[in-house]
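What follows is a single structure, written as structure tokens, with notes after it.
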Amino acid sequence: MSQLSSRHLLGIKNLSATDIQLILDTAENFKEVINRPIKKVPSLRDITIANVFFENSTRTRLSFELAEKRLSADVINFSSSNSSVKKGETLVDTVNNILSMKVDMVVMRHSSPGAPHFLARNVKANIVNAGDGTHEHPTQALLDAFSIREKLGTLEGKRVAIIGDILHSRVALSNIFCLQKMGAEVMVCGPITLLPKHIESLGVKVELDIKKALQWCDVANVLRIQLERQQIKYFPSLREYSLYYGINKKLLNQLDKEIVIMHPGPINRGVELSSDVADSEHSIILEQVQNGVAVRMAVLYLLAAVKN
Amino acid sequence: MSQLSSRHLLGIKNLSATDIQLILDTAENFKEVINRPIKKVPSLRDITIANVFFENSTRTRLSFELAEKRLSADVINFSSSNSSVKKGETLVDTVNNILSMKVDMVVMRHSSPGAPHFLARNVKANIVNAGDGTHEHPTQALLDAFSIREKLGTLEGKRVAIIGDILHSRVALSNIFCLQKMGAEVMVCGPITLLPKHIESLGVKVELDIKKALQWCDVANVLRIQLERQQIKYFPSLREYSLYYGINKKLLNQLDKEIVIMHPGPINRGVELSSDVADSEHSIILEQVQNGVAVRMAVLYLLAAVKN
Amino acid sequence: MSQLSSRHLLGIKNLSATDIQLILDTAENFKEVINRPIKKVPSLRDITIANVFFENSTRTRLSFELAEKRLSADVINFSSSNSSVKKGETLVDTVNNILSMKVDMVVMRHSSPGAPHFLARNVKANIVNAGDGTHEHPTQALLDAFSIREKLGTLEGKRVAIIGDILHSRVALSNIFCLQKMGAEVMVCGPITLLPKHIESLGVKVELDIKKALQWCDVANVLRIQLERQQIKYFPSLREYSLYYGINKKLLNQLDKEIVIMHPGPINRGVELSSDVADSEHSIILEQVQNGVAVRMAVLYLLAAVKN
């Protein structure tokens, strides 16, 4: 039987197309499970998983926690607010302590890019990256890929525009890697100040005009304006951003074609997306949330099967 | 078989006497359950319940969590402190996200009156109001009714005085609705500044003199002085309040009759109740806490059975 | 069958050597359990345990929570940050409320020495002290004793030096009681300002010179410099402390003997222990963490069996 090529999920960059395919196919099975009246499976009944979140997160932590509980794993939560890290302990010591309590898997969010990679080299146990700074957020990219594949049948040859704050987004980077590996074409679109320099070197198209981007793509993945990550001003005001890059119904009605609207959440309604678009038949935003649980079940299930 | 007339519990106002009767009778069964050595039943084994608390609460959250676990539900906790609400997300988006993860019921506390009603109109899933601002706190009223019925055999014709800060209390309003529907007579008593204007229009007696109130009633439900909810001063000092409205043993000894003392907790000992009264044979305060778990089990159990 | 002589674990001071022996022997069985692929036992399946932490703690709370879950208990967590204590409720009222919800055991950490003893006199239910101020931390002492016994075969006649901040350490006091009851010799070593006056009256040796202490002992239990507990300065600087009392590889290499290095965590690397010592073959620090879960399982399991 096929299995993943690594015992960690640190990023999409080092996953093969076969790995991604296996995760998406497995997630399809789990999506059936969570839509049954009995949503639990006993797969990870003897596995203890620690959710170690050094950065706050509602939806990602809840989604992982639900995935873990539906796999019947034992779950312990650890967040930075009640952490020994404040007492001067190193990251490796903190996690090694948790592992010494015989925890089998660690789902980690950390504000430093590379933190889960560092851990994976230094501790036993499966590590799942739930977001490391502005670097990668692999399960988000996998659930986005799953949602597109579910909606359009395949990723092969599809055109996906990632719109908004590419510079501060770990979602953007993981999505680019994932979509390209699965044969999709990727474009990034946003104000020039929010596009990383040399982003073309990743093989993506760059477009500053939102209308042209929407005309080009099958799927628009609209990112959050993350004001909390911006130390300096990248655009004059939210109103200005919304005027030039906000997607509203009028803009969609000008297109002579079908389009799928995605958003990783939480939405700033009226900023990057108008409410009528977020709630329209184009939007698969809530479907993404549901798929998140299925994809995370698949990731945890598959990693647990890799021989340590 | 009888079932509740609504799939939500938003307030007592819209419950029928039959609904309340059904909840209290069901709670009686669950009280037996939680006094057995084996306190769990498998009733909600395939139900996931999210406790969404936008306001802090110890006893209510713990009581719901225990009720849920004893019904074998899967429980996830969400509190405002680690919330996307801070990132600018709307209430409906937050809860819709939680629901997209296939959560079946939402127990919600929110500082805005009407927040759970708003949600119930906008999302699928059973909503239980665990307190909305100064509006309603229906499970508290149900457990108070349960405790009186258990102690006195019936609510019909009993006289209940609600004493203290009626103005800022969601407990008071829910209690008035619940007691009247079950045939009890209700009086409110407190300093004039802490009684809402036109409260008589609800059909309650109003009394400023605590001695007369105690002489009249079978049950005194003593509310907490909620200093944290008061922006302006409603009485000169705690000492003054305690002098005029605090219930102590001396006051009770002057009565030539039996009286039951209740308090929704947490008690400010020495302010609204003296310690010797709180711990006396008149007090059923800890019984109320125990009944809270049974009543919440009944509510969750009955709501889950209503066809969505 | 033998059982504990008390239904609480408040401190080591009142435990008999037989009690400690029973706990360590039981922990040995549980250590086997948690090293099996199936780490859970159904022993406390119908027991609800409340973890009531009025002081933050990562490792102790996680360790108890894992112990409880592996015994199949139902677990509820209560921390001061979302506590009614802030609303003016007394400690006894808070805990009585939790108990009225039919909680069987309370694991409590509190900043006031004696808080769990006070509770034990006033509430029903088994109380486990998880640290009370600078007084006792009995499960830490038990896991330290377990770890030494496991490493050296016995505690009888072994020489243990407790090194560092003895004055602010509840670990030190519990360790002294536990080791002496089990027949070990105890020395304390640290700057004179961090040694309590009259500590010799407990029957321990006192040594100011770290080299002599290391030369004397079989086991060095190195405590954390708890800067957060110190209102005034007890030594000039961390650099100074590290220079005179920090244990590094060079110091150990000068010894002509075997030595075991312990630390209750979290480690300040480079202050009380250098990294090469913390990670050396002398160190059993991570073993201590693992043993913590087994010892806490034993304590909870044995207390639950004492007739209330």
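The values are calculated or read from the model by the stated rules, or taken from the named source; none is laboratory data. Just so it is clear, the model here is predicted, and its values are computed rather than measured. Because the Cβ atoms are built from the backbone with ideal geometry, glycine has one as well, and the counts that use them run over all protein chains shown. In case anyone asks, the SASA skips ligands and DNA or RNA and just uses the protein heavy atoms, side chains included. Shrake-Rupley method; radii C 1.70, N 1.55, O 1.52, S 1.80 Å.
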Spatially proximal lysines relative to C:LYS205 (Cα-Cα < 20 Å; intrachain offsets below 8 disregarded): C:LYS13, C:LYS158, C:LYS181, C:LYS197
For labels at B:LEU238 and A:ASN35 in the simple 7 Å Cα→Cβ model, what's the distance in nm? 5.7
List the lysines whose Cα sits under 16 Å from the Cα of B:LYS124, skipping any in the same chain fewer than 8 residues away. B:LYS102, B:LYS307
Alpha carbon centroid spacing (whole Å) that separates segment C:116-137 from segment A:247-308: 50
If you take the charge dipole of chain B about its Cα centre, with +1 on Lys and Arg Cβ and -1 on Asp and Glu Cβ, which of B:LEU10, B:ILE34, B:LEU223 is farthest toward its positive end? B:LEU10
What is segment B:138-285's relative contact order, in percent, from Cα pairs under 8 angstrom and six or more apart in sequence? 23
Cβ-vector label at 7 Å, C:ILE259, separations to other copies in nm: 7.0, 7.0
Tell me, what is the percent relative contact order of chain C, built from C-alpha pairs under 8 Å that lie six or more residues apart? 22
Hey, got a sec? Which trypsin sites (Lys or Arg not before Pro) in segment B:234-306 land in a DSSP loop and have at most 14 other Cβ atoms within 10 Å? B:LYS257
Inter-label distance for C:SER16 and B:ASN122, nm, one decimal - labels placed 7 Å from Cα along Cα-to-Cβ: 6.5
If you count the DSSP beta bridges with both ends in segment C:88-203, what percent of them are antiparallel, to the nearest 5? 10
Label-point separation (nm) for C:LYS212 and B:VAL92, each offset 7 Å from Cα along Cα-to-Cβ? 7.7
Taking the DSSP beta bridges in the protein assembly as shown as the whole, what percent of them are antiparallel, to the nearest 5? 5
Would you work out what percent of the accessible area of the protein assembly as shown, with all protein chains in place, is carbon or sulfur (probe 1.4 Å)? 51
List the aspartates and glutamates whose Cα sits under 19 Å from the Cα of B:LYS250, skipping any in the same chain fewer than 8 residues away. B:ASP209, B:ASP218, B:GLU240, B:GLU258, B:GLU272, B:ASP276, B:ASP279, B:GLU281
Shielded residues, segment C:270-306 - accessible-area loss of 10 Å² or more between chain alone and all protein chains, probe 1.4 Å: C:LEU286, C:VAL289, C:GLN290, C:VAL293
I'd like the accessible area for C:SER237, computed on protein heavy atoms only with a 1.4 Å probe and all protein chains in place. Round to 10 Å², please. 40
Provide an ascending nm list, one decimal, of label-point separations from A:ARG36 to the equivalent residue in each further copy; define each label point as 7 Å from Cα along Cα→Cβ. 2.8, 2.8
About its Cα centre, what dipole magnitude does segment A:138-286 give when the only charges are +1 on Lys and Arg Cβ and -1 on Asp and Glu Cβ, stated in debye to the nearest 20? 260
Quick check: the distance between the Cα centres of segment C:1-51 and segment A:4-38, to the nearest angstrom? 40
Note: A:95-105 gets an average of partner chain Cβ contacts (10 Å, Cβ to Cβ) equal to 6
Output row for A:LYS212: copy-to-copy label distances, label 7 Å along Cα→C-beta, ascending, in nanometres, one decimal, is 8.2, 8.2
Chains B and A, summed buried accessible surface - 1.4 Å probe, Å², nearest 100: 2300
Residue-averaged beta-carbon neighbours from other chains (10 angstrom radius) around C:56-63: 6
Quick check for you: with a 1.4 Å probe and neighbouring chains kept, what is the accessible area per residue of chain B, in Å²? 39
FRET efficiency, B:GLU28 to B:GLN3 (Cβ-Cβ, R0 22 Å, nearest 0.05): 0.80
Of all beta bridges DSSP finds with both residues in chain B, what is the antiparallel percent, to the nearest 5? 5
Could you work out [θ]222 nm for chain A from helices alone, using -39500 (n - 2.57) per DSSP H run of at least four and dividing by all its residues? Round to the nearest 500 deg cm²/dmol. -12000 deg cm²/dmol
